[in-house]
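This report refers to the structure that appears directly beneath it.
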């Protein structure tokens, strides 16, 4: 998954920073297992204590007091804080209870909050893992990478959809221009036809050529319309992923 994430980050020209609590740098380590990852991984913060979350990532003390260190709100502030510290395009944050102790009825062992912050998204996820300490950390890293890959694949789909829509618009405009050219040829054919019977035959041939040109123009316009529809479908498909978007504060 780290290789896939790296390829997508490179293709998108985006950088990323990490803010980790319960995974204690395992996410950063996994992402940088890929050779050349220094091109897109700018750095990370292991903010194990509340003091580190406040001092290094700017998590408000009031949020830690009211919501706790393991909460969706804290994860969101950790991610936005890491983006600001490293001036990265994206940031991933992880906070949770790896176990075996530390759980409560409201916040059991294995509870983890993830957050991805970016220029156009603020996505959060909540998980409760059933594993031991190491298993919970590994599952959290895998889920964080899956979230990152999902975002990047959605971004790529929207970009492809926009380019397809642009190409469709250009093709449609080209079809209209060809059709107009066909109409001009038709007018010329009619004028030649008025000049005499011999020229009339040439006018008919010109008219036939015009019709073929007009047909090609209409066919091109139809293809352009299909491309536009395809582009819109891709954009709508990307936007549908906003159902996983968190209503938490954006950077």
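No lab work stands behind these numbers, since they all come straight from the coordinates. Only a predicted model underlies this, so the values are computations on that prediction, with no experimental measurement involved. Every residue, glycine as well, gets a Cβ built from its backbone with ideal geometry; the counts of neighbours run over all protein chains shown.
Brief remarks on what is shown
- The distance between label points at residue 35 and residue 127 comes to 2.9 nm (points 7 Å beyond Cα on the Cα→Cβ vector).
- Length available on full extension from residue 1 to residue 87: 0.36 nm per residue minus the Cα-Cα distance, which gives 28.6 nm.
- Label sites at residue 120 and residue 153, each approximated as a point 7 angstrom past Cα along Cα to Cβ, lie 1.8 nm apart.
- Counting beta carbons within 10 Å around each of 153, 61 and listing the fewest first gives the order 61, 153.
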